[in-house]
Amino acid sequence: MSRSVLVTGGNKGIGLAIAQAFAEAGDRVAVTYRSDPPEGFLSVRCDVSDPDQVDQAFTEVEQAHGPVEVLVANAGMTRDQLLLRMSEQDFTSVLDTNLTGVFRVVKRASRGMLRARRGRIVIISSAVALRGEVGQANYAASKAGLIGFARSLARELGPRSITVNVVAPGLTDTGMISALTPEQRTKMIEETPLRRLAQPEEVAGAVRFLASPEAAFVTGAVLPVDGGAAMGH
Ligand code: NDP
């Protein structure tokens with residue numbers, strides 16, 4: 001297998017682990033970054049809140065690797081705040097990156113996939129989308145929105161053999177959780193049946209499965225990788 005794979009936010013954390021997993025399987029992997037490009041991948045600068053940057057990034061990847069056959073929409077951010085302190089900007093910036101940003105990259109990727117009549121789209125949501133979390137109303141809304149988005153597209157793009165699936169990680173050991181207080185971290189681990197954080201590689205394994213031949217008949221699924229934290233939601 002040597003497919004053209006694009007991972008947004010592939011320069012660190014979960015995105016980097018996903019990029020590494022596809023590269024190890026022999027795929028041609030490109031990543032987007034905003035701050036620092038990672039070594040070893042075709043890296044294109046892209047802020048997913050800017051439609052022109054999204055278009056330019058895809059054009060660069062297509063020129064180097066051909067049309068994107070596997071898209072992993074991973075880029076995301078948090079801006080945690082209790083509701084009464086949450087500003088309009090806190091809310092809309094998270095929605096713009098986490099939800100509208102995914103709309104932008106998926107729409108751009110679907111062009112080539114529709115033409116090819118095949119493709120794999122994997123969207124990174126969160127266990128918080130399913131169970132909610134104090135101080136994360138903006139983030140949970142964006143991540144829950146991705147599930148309706150993905151399931152609609154699973155129906156819309158399915159007739160062209162394009163699958164659209166969601167991975168919902170629980171608390172994962174990356175820079176993103178450095179904003180949590182030690183108390184919040186301990187509480188979330190205690191609420192997780194497996195009593196630990198996920199490693200980014202464990203999320204990457206689920207993503208690689210959803211893009212593999214074994215998952216050819218899986219679409220519209222939400223696959224939790226959360227140690228059981230959101231079980232039953
Ligand atoms: P990191 O903060 O380590 O990485 C976030 C990535 O998203 C970075 O590559 C960052 O790029 C990129 N990014 C953020 N905003 C934008 C933007 N506007 N345009 C383009 N890229 C952007 O976090 P994680 O690796 O933990 O997060 C990856 C995904 O997993 C996110 O969607 C997150 O919501 C989700 N997730 C994480 C969990 C966790 O506990 N860590 C749990 C559940 C889901 P740059 O650094 O260059 O700015």
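The values are calculated or read from the model by the stated rules, or taken from the named source; none is laboratory data. Small disclaimer: the values here were computed from a predicted structure and weren't measured. Quick reminder, even Gly has a Cβ in these numbers, built from the backbone with ideal geometry, and neighbours come from all protein chains shown.
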Subject >> Residues of the range 75-108 classified as among the basic types (Lys, Arg) and within 11 Å of the ligand (Cβ to nearest atom), total >> reply: 2
Original post:
Would you pick out the residues in the range 121-148 that are of a type in the set (D, E, K, R), touching a helix residue (DSSP H, G or I) at 6+ places or on another chain (Cβ under 7 Å) and more than 18 Å from Thr92 (Cβ to Cβ)?
Top reply: Glu133
**OP:** Collect the residues in the range 161-183 that are in contact with a helix residue (DSSP H, G or I) (Cβ under 8 Å, 6 or more places away or on another chain) and of a type in the set (A, V, I, L, M, F, W, C), keeping them in residue-number order.
**Re:** Ile162, Val164, Val166, Val167, Ala168, Leu171, Met176, Ile177, Leu180
**OP:** Provide a single number: the residues in the range 194-233 that are in a loop (DSSP other than H, G, I, E, B) and surrounded by fewer than 18 Cβ atoms within 10 Å (Cβ to Cβ).
**Re:** 14
Subject >> Extreme residue, nearest to Ala229 (Cα to Cα), among residues of the range 172-183 that are surrounded by 15 or more Cβ atoms within 10 Å (Cβ to Cβ) and β-branched (Val, Ile, Thr) >> reply: Thr172
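How many residues, within the range 20-37, are more than 12 Å from the ligand (Cβ to nearest atom) and without any contact (Cβ under 8 Å) to a residue 60 or more places away in the chain?
Of the residues in the range 20-37, 7 are more than 12 Å from the ligand (Cβ to nearest atom) and without any contact (Cβ under 8 Å) to a residue 60 or more places away in the chain.
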Original post:
What number of residues within the range 111-139 are in contact with a Leu (Cβ under 9 Å, 6 or more places away or on another chain), within 22 Å of Gly15 (Cβ to Cβ) and not β-branched (Val, Ile, Thr)?
Top reply: 8
**OP:** Would you check if Thr186 is within 11 Å of the ligand (Cβ to nearest atom) and surrounded by fewer than 20 Cβ atoms within 10 Å (Cβ to Cβ)?
**Re:** no
**OP:** Would you check if there is a residue in the range 151-163 being within 15 Å of the ligand (Cβ to nearest atom) and closer than 30 Å to Ser87 by Cβ?
**Re:** no
**OP:** Mind listing whichever residues of the range 56-84 are farther than 29 Å from Gln136 by Cα, surrounded by fewer than 18 Cβ atoms within 10 Å (Cβ to Cβ) and within 18 Å of the chain's Cα centre (by Cα)?
**Re:** none
Subject >> Residues within the range 109-131 that are farther than 21 Å from Pro200 by Cα and surrounded by fewer than 21 Cβ atoms within 10 Å (Cβ to Cβ), tallied >> reply: 8
Original post:
What number of residues within the range 1-19 satisfy the criterion of being surrounded by 20 or more Cβ atoms within 10 Å (Cβ to Cβ) and either part of a helix (DSSP H, G or I) or within 16 Å of the ligand (Cβ to nearest atom) (or both)?
Top reply: 13
Subject >> One residue from Arg118, Arg196 being of a type in the set (Lys, Arg), closer than 19 Å to Val68 by Cα, at pLDDT 95 or above and more than 15 Å from the chain's Cα centre (by Cα) >> reply: Arg118
Subject >> Residue list for the range 118-148, restricted to those being assigned to a helix (DSSP H, G or I) and within 10 Å of the ligand (Cβ to nearest atom) >> reply: Ala127, Val128, Ala129, Tyr139, Ser142, Lys143, Leu146
